[in-house]
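A short worksheet on the structure shown next.
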Amino acid sequence: MKTSKPIIDGSDLKKIYQMGDFEVRALDGTSIQVNEGEFVAIMGPSGSGKSTLMNVLGCLMSPTSGQYILDGEDVSVLDKIELAQIRNRKLGFIFQSYNLLARTPALQNVILPLYYDRESSLTAEEQEEKAIKILEAVGLADRIYHEPQELSGGQQQRVSIARALVNDPVMVMADEPTGNLDSKSGAEIMDLLVSLNKEGVTIVMVTHDPAIAKYTDRTIHLLDGKVAQVVKNGKEHK
Amino acid sequence: MKPLKVINIAWQALLKNKIRSLLTMLGIIIGVAAVIIMIAISAGTEATIQEEITGLGSNLIYVTPNMTKLTPGSMQSDGGLVYDDAFAIAEQISGVNGVVVEQSSSQTIKAGDTSLDGVTIMGTTADFPSVRDMEIVSGRYFDQKEVDRTTPIAILGSSLAEELFGDRDPFGETVTVAGNIRLTVVGVFEEKGMVGDVDYDSRLYTPITIVLDKLSDNKFARFKGDRVRTIYVEVDDSVGPDGERSLDDVIYQIELLLAKRHEVTLEEADFVITTQQDIISTKESTTAAFRSLLAWVAGVSLVVGGIGIMNIMLVSVTERTREIGIRQSVGATPNDIRWQFLTEALLLSLIGGLIGVAAGVIGSWLFGQASGMRTVIVATSVLLAFGSAATVGVFFGYYPANKASQLDPIDALRYE
C-alpha cells in the first residue's frame with residue numbers, strides 16, 4: 001500500500017429492487033474499502049451484483065441502505081443533483097463501449113466534464129490546454145481533433161480515459177474497459193491504466209476476465225450481492 | 001453552466017442535424033410569416049378604406065329604397081324612390097348643399113373608329129361634381145336645365161377620354177351610345193383614380209334623363225315615373241357637431257319629407273337613410289372581423305409549428321438518450337440537461353422566427369406586387385409573431401426537455 005487514506009468506505013451496502021411480489025437483492029450487505037492509490041478489480045458471475053456495486057460506487061445510484069463514504073464524504077444520503085456534482089468533481093468513468101459523444105472531436109469529448117464544473121476557475125483556453133495535455137499523455141497527440149468514428153477502438157478508449165482524468169478525480173471507475181477491444185489493444189489499455197495507477201490514480205475496475213484482473217493489486221469477488229473473497233494479485237506486472 | 005456555454009452546446013447539436021433543424025423550423029417560419037403577411041394584408045385593406053372616406057367626398061347621406069317593402073305587389077304602389085324626391089329634398093330641407101341622383105347603364109359606345117364594350121354610362125344630375133368631389137379638367141359640366149331637357153351631351157372620365165380620342169381634344173366630338181344615341185362631348189373630368197373598387201375615370205357621364213328615357217333596362221321604371229336606386233345628399237358646413245343643426249336632425253327632416261310624399265308612416269317607410277359613417281363603420285367592422293380571422297388562422301399555424309418542434313425534440317431526446325447518459329455520468333445535473341434541450345427548442349423557434357419575419361416582410365411585398373392588393377407591414381405584428389414564436393418554443397420545448405432531464409443515468413447509458 002502506498003498510503004492508507006481510504007477513498008471508498010462502503011459498509012453493509014444493500015440495493016433491493018421490488019419486482020411485484022419478489023425482492024431482488026442486487027447488493028445484499030456488501031462492504032468494501034479502497035485506499036488511495038490502489039488498483040482494485042471487482043469480479044463475479046453475471047447477477048452477482050458487480051454492475052450494481054459499480055453504479056453505487058460511481059454515484060450513479062444510491063444504495064437502499066448502508067453507508068457509503070467517498071473521499072471522506074457520506075454520499076449515500078445525497079440527492080440526484082448532489083450526486084451529479086460528486087461525479088463531476090470526484091469521479092472519472094471508463095466504459096466498455098467508450099461512451100463518447102458521436103461526431104464530436106476528441107478534444108470536446110475530453111473537455112465535457114469541465115463544462116459541468118460550476119466551481120472551475122479555468123477559462124475556456126485553460127480548459128482546452130488541460131485537455132490537450134491529457135490527450136497527449138494518453139498517446140493521442142495527433143488525434144486531438146479527430147471524431148470518434150475516425151478512431152480505432154483502442155484510441156476511442158484512450159479518449160475516454162483522458163475524459164475520466166480531466167477533472168482530477170479522486171477515483172476512476174472502469175467498467176470492462178477492454179471488453180470491446182482485441183487482445184493487443186486491450187493489453188495496451190491495461191498498461192496505460194497501470195501506469196496511471198503508478199502515477200497515483202486510484203482505479204476501481206469491473207471485469208469478468210481473470211487475465212485482466214491480474215493487472216490489479218487485488219481482486220474482490222462478488223457472489224449473490226456479497227463479497228465472497230478478496231485475492232491479492234501477484235506483482236508481476238507492477 | 002454558463003449561459004453562453006449552454007447556447008453553444010445547443011447550437012452545436014442543431015448544426016449536427018442541419019436538415020432536420022431546418023425542417024423543424026419550417027413550421028415556425030411559415031407560422032410567423034403567415035401572421036405578418038395576413039396582418040399586412042388586412043392593414044392594407046384598412047388603409048384603403050381610410051382613403052375611401054376622404055375620396056368619396058364628405059358629409060354624404062344616402063337615401064335608398066327599402067328593399068323589404070318592394071315586394072312585387074307593392075312595386076305598383078308608391079313604394080321606392082322617384083327622381084322628384086331628390087329635388088324635393090334639395091328645395092325643402094335646410095342644410096343641404098347638393099343632391100345627386102345616379103342611374104347607370106352598361107353600354108357599347110363608339111367614337112369614330114373606336115368602339116368600347118361594357119362602358120358604364122352614368123346618368124346623373126347637376127350637383128354631381130361637387131357632391132362626388134370631381135373636378136372638370138377641360139370643357140364644362142352640365143346644368144339642371146340640360147338635365148330637364150334631356151340634352152344629349154356627355155362628360156368623359158379621364159381614361160375613357162384617352163381611350164376614345166387619344167391625345168386629341170374631345171370637346172365637341174360625338175359619341176354614339178348603344179348604337180343610336182348620339183351625345184356631344186362637352187367636358188372631361190380630372191383623373192380621380194380608384195375609389196374602393198369603383199373606377200370613376202373609365203365612365204361616361206350624362207344627364208340622368210338620357211339614361212332614364214333612353215337607356216333604362218327597366219321599362220317598368222320609365223312608365224312609373226323615374227324610379228331611382230340612390231339619392232345622394234350632401235350637407236353643408238352648418239351641419240355637424242359644431243354647426244347649427246345635427247346630421248341626425250337633417251336625416252329626420254328628410255325622413256319626414258319623404259314619408260309625407262310617399263304617404264307612409266315613419267315605421268313603414270319604403271326608404272332607408274344611411275350616412276357615410278354607417279357605411280364606413282360597417283366596412284371597418286367587416287375588415288376587423290376579417291383581420292382577426294386571418295390572425296387566428298395564422299396563429300393556429302404557429303401552434304402547429306410549435307407542435308412540430310415538440311415532436312422533433314421528443315424524437316431527439318429518445319435518439320440522444322445515450323448522449324444524455326454520458327453527460328449525466330460526467331456530472332450534468334437534471335437542470336443542465338433540461339436547459340440544454342430547452343435552449344435547443346428556443347434556438348429553433350427564435351431562428352425560425354427571425355427567418356419567418358424576413359419571409360413575412362418579403363412575402364407581404366411580393367403578395368402586394370402580385371395581387372395588386374395593398375399590404376402594410378405593421379411593426380406590432382412583427383413583434384407579436386416573433387414573441388409568439390419564442391413563447392411557442394418555451395411552451396413546446398419544456399415537455400421534451402423535462403423528459404430528458406428526468407432520465408435515469410444508468411438506463412440512459414445502457415440505452416442502445
Out of residues 5 or more away from residue A:202 or on other chains, whose amide H comes under 5 Å of its own, with H placed 1.01 Å from N in the peptide plane? A:37, A:172
Straight-distance crosslink candidates among aspartates and glutamates, where the alpha carbon sits under 14 Å from residue A:133 and sequence neighbours closer than 8 are dropped: A:125, A:142, A:168
Once the convex hull of the alpha carbons of chain A is built, what does its volume come to per residue, in cubic angstrom? 131 Å³
Per-residue HN-Hα couplings for the stretch A:90-95, Karplus 6.51 cos²θ - 1.76 cosθ + 1.60 at θ = phi - 60°, whole Hz, x for Gly and Pro? 10, 10, x, 10, 10, 10
Once each part is reduced to its C-alpha centroid, what is the distance from the stretch B:358-416 to the stretch A:162-221 in angstrom? 48 Å
Between residue B:51 and residue B:145, with labels modelled 7 Å along Cα→Cβ, what's the label distance in nm to one decimal, could you check? 4.0 nm
Quick check on the exposure proxy: order B:365, B:296 from fewest to most C-beta atoms within 10 angstrom. B:296, B:365
Taking the 0 to 90 degree range and rounding to the nearest ten, how far is the long axis of helix A:153-165 tilted relative to the main principal axis of chain A, both from C-alpha atoms? 80 degrees
Counting only other chains, what is the mean number of Cβ atoms within 10 angstrom of the Cβ of each residue in peptide A:50-63? 2
In the stretch B:67-269, if the dipole is taken from +1 on Lys/Arg beta carbons and -1 on Asp/Glu beta carbons about the Cα centre, which of B:142, B:108, B:80 is farthest to the positive end? B:108
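In peptide A:96-107, how many Cβ atoms from other protein chains are near each Cβ within 10 Å, on average? Let's see the in-between values first.
Working: counts 0, 4, 1, 7, 2, 8, 5, 4, 4, 0, 0, 0.
The per-residue average across the peptide is 3.
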What FRET efficiency comes out for residue B:314 versus residue B:18 if R0 is 35 angstrom and r is the Cβ-Cβ distance? Round to the nearest 0.05. 0.95
Averaged across the residues of B:330-342, what count of C-beta atoms belonging to other chains lies within 10 Å of each residue's C-beta? 5
Cα-based Lys proximity count in the stretch B:67-269, under 25 Å, for pairs eight or more positions apart or on separate chains: 11
For chain A, the dipole about the Cα centre with charges only on Cβ (Lys and Arg +1, Asp and Glu -1), to the nearest 20 debye, works out at 460 debye
Which residue, chosen from B:41, B:3, B:289, occupies the Cα position most advanced towards the positive end of the dipole of chain B, where the dipole is computed from +1 (Lys, Arg) and -1 (Asp, Glu) charges on Cβ about the Cα centre? B:3
Using a simple spin-label model with points 7 Å from Cα along the Cα→Cβ vector, what separation in nm is obtained for residue B:130 and residue A:182? 10.7 nm
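Which of the GluC sites (Glu not before Pro) found in the stretch B:93-168 are loop residues per DSSP with 11 or fewer other Cβ atoms within 10 Å of their Cβ? Write down the numbers at each step before the final one.
Numbers: sites: B:102, B:135, B:146, B:162, B:163; in loops: B:135.
Qualifying residues, ordered by number: B:135.
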So how do B:151-161, B:170-180 stack up, highest first, on mean other-Cβ count within 10 Å? B:151-161, B:170-180
Calculated from backbone phi, Karplus (6.51, -1.76, 1.60) coupling profile of the stretch B:117-122 in Hz, x at Gly/Pro: 9, x, 7, 7, 8, 9
Taking 7 Å along the Cα-to-C-beta vector as the label spot, tell me the residue B:362-residue B:171 distance in nanometres, rounded to one decimal. 5.4 nm
Towards the positive end of the charge dipole of the protein assembly as shown, with charges on Cβ (+1 Lys, Arg; -1 Asp, Glu), say which of B:375, B:27, B:12 has the farthest Cα. B:12
Dipole moment magnitude, nearest 20 debye, the stretch B:67-269 about Cα centre, only Lys, Arg, Asp, Glu C-beta charged: 1020 debye
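Work out the length of the dipole vector of chain B about its Cα centre, built from +1 on the beta-carbon of each Lys and Arg and -1 on the beta-carbon of each Asp and Glu, and round it to the nearest 20 debye. If you can, show how the numbers build up before the last one.
Details: 33 positive and 50 negative charges, 589 e Å.
Roughly 2820 debye for chain B.
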Jot down the radius of gyration and Dmax of the stretch B:67-269, Cα atoms only, both in angstrom. 18.2, 55
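Hand me the GluC sites (Glu not before Pro) from the stretch A:100-205 located in a DSSP loop with no more than 12 other Cβ atoms within 10 Å, in residue order please. Provide the component values of the computation, followed by the final result.
Details: sites: A:119, A:125, A:126, A:128, A:129, A:136, A:150, A:188, A:199; in loops: A:119, A:199.
Here the GluC sites (Glu not before Pro) that fit, given the DSSP loop and packing criteria, are A:119, A:199.
When the expected Rg is taken as 2.2 N^0.38 Å, what fraction or multiple of it is the alpha-carbon Rg of the protein assembly as shown?
On the way: Rg = 44.6 Å, N = 654, 2.2 N^0.38 = 25.8 Å.
My calculation over the Cα atoms of the protein assembly as shown gives 1.73.
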Sequence-distant or interchain residues sharing an amide H contact under 5 Å with residue B:138, placed H: which? B:188
Tell me which residues come under 5 Å, amide H to amide H, from residue B:66 once H is placed; ignore anything under 5 positions away on its chain. B:80, B:271, B:272
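Each reported figure results from applying straightforward, stated rules to the coordinates on display, with no laboratory input. Bear in mind that the values here come from a model prediction, so they are computed numbers and not experimental data. Counting neighbours? That spans all protein chains shown, and the Cβs are built from the backbone with ideal geometry, glycine included.
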